[in-house]
Amino acid sequence: MRYLCGQPAALRVGDANTGDVMIVAIDGPAASGKGTLGKRLAAHYGLRHLDTGLLYRAVAKALLDSGHSPNNQARAVAAADALDPEAFDEMALKSQAVGEAASLVSAIPDVRAALLAFQRNFANRPPGAVLDGRDIGTVICPNANVKIFVTATPEVRAQRRVLEFRGRGEAVDEAAVLADILQRDQRDTSRAVAPLKQAADAHLLDTTALDADAAFKAAVALIERVKKS
């Protein structure tokens with residue numbers, strides 16, 4: 001028997017004619033390549049994609065735009081409850097300032113709780129979805145069909161993030177970006193609620209020496225092996 005996000009489903013994975021659901025959970029630290037991988041896998045398998053980090057970034061941006069601290073729990077929960085993903089400006093949400101604030105917002109338990117149902121509902125709608133984040137395989141979709149934990153060294157992840165920022169015209173210092181990556185890793189892995197960690201049944205994909213194409217091919221091969229097992 002295959003499973004949805006926390007719910008049993010008797011239908012087979014990938015059988016679109018029966019309305020079955022296929023869920024791929026991708027977790028990993030900042031700039032590991034999970035977002036790019038998630039988009040490509042979703043397109044390849046005809047699934048919807050959700051970058052769950054954008055949800056937390058949107059909450060953070062709402063707080064920053066209104067002049068409130070990312071540590072303001074009441075305001076953060078209110079912002080989470082009022083989210084409208086259709087109105088997201090992904091470019092604005094990907095700024096360095098919003099990313100740093102999102103790391104703080106995501107550590108607030110009530111914010112995570114407020115966004116839990118949204119993420120699960122998104123995943124469970126046929127034909128399924130690819131979700132990437134930090135607690136997809138452990139909390140959001142613990143019964144996902146396939147779980148992948150994407151990682152890379154902090155130095156490589158910092159280099160990728162610098163290229164991303166500079167590609168958008170943002171002036172950044174690589175040493176500062178690396179320091180932020182390390183700080184975010186520490187916060188993500190040590191928070192009390194839904195810390196970043198590899199699920200026991202997740203497949204590790206180290207992208208340190210892989211470009212986007214190679215990582216995609218490795219992930220597809222992994223998913224195909226799981227589907228045949």
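Looking only at the chain, where both bridge partners belong to it, what percent of the DSSP beta bridges are antiparallel (to the nearest 5)? Please list the in-between numbers first.
On the way: 2 of 20 bridges.
Of those bridges, close to 10 percent are antiparallel.
Between Ala209 and Asp65, how high is the FRET efficiency from 1/(1 + (r/R0)^6) when r is the Cβ-Cβ distance and R₀ = 25 Å? Nearest 0.05. Working shown, then result.
On the way: r = 39 Å, r/R0 = 1.57.
That gives a FRET efficiency of 0.05.
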Checklist entry - So which trypsin sites (Lys or Arg not before Pro) in segment 122-217 are both in a DSSP loop and have at most 12 other Cβ atoms within 10 Å of their Cβ? => result Arg168
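Could you give the accessible area per residue of the chain, probe 1.4 Å, as a whole number in Å²?
Working: 10590 Å² over 229 residues.
It amounts to 46 Å² per residue over the chain.
Under 12 Å from the Cβ of Ala129, count the other residues' Cβ atoms, weight Lys and Arg +1, Asp and Glu -1, and hand me the total.
On the way: positive: Lys39, Arg48, Arg120, Arg125; negative: Asp51, Asp132.
Result for the local shell: +2.
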Checklist entry - At Met91 and Val193, where each label point lies 7 Å from the Cα along Cα→Cβ, what is the point-to-point distance in nanometres? => result 3.4 nm
Checklist outcome for this item: Candidates Gly46, Gly33, Gly99; GNM for the chain (alpha-carbon contacts under 10 Å) flags as most fluctuating Gly46
Checklist entry - Sequence-distant or interchain residues sharing an amide H contact under 5 Å with Asp206, placed H: which? => result Thr151
Checklist entry - Can you give the calculated 222 nm mean residue ellipticity of the chain, where each DSSP H run of n ≥ 4 adds -39,500 (n - 2.57) and the sum is split over every residue, rounded to the nearest 500 deg cm²/dmol? => result -15500 deg cm²/dmol
Next on the checklist: In whole percent, and with a 1.4 Å probe on the protein chains, what portion of the accessible area of the chain is carbon and sulfur?
Outcome noted: 54 percent
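The values are calculated or read from the model by the stated rules, or taken from the named source; none is laboratory data. As the structure is a computational prediction, the values presented were derived from the model and not from experiment. In this analysis, Cβ positions are derived from the backbone assuming ideal geometry, glycine residues included, and neighbour counts consider all displayed protein chains. Note: areas computed on protein heavy atoms with side chains; ligands, DNA, RNA excluded. Shrake-Rupley method; radii C 1.70, N 1.55, O 1.52, S 1.80 Å.
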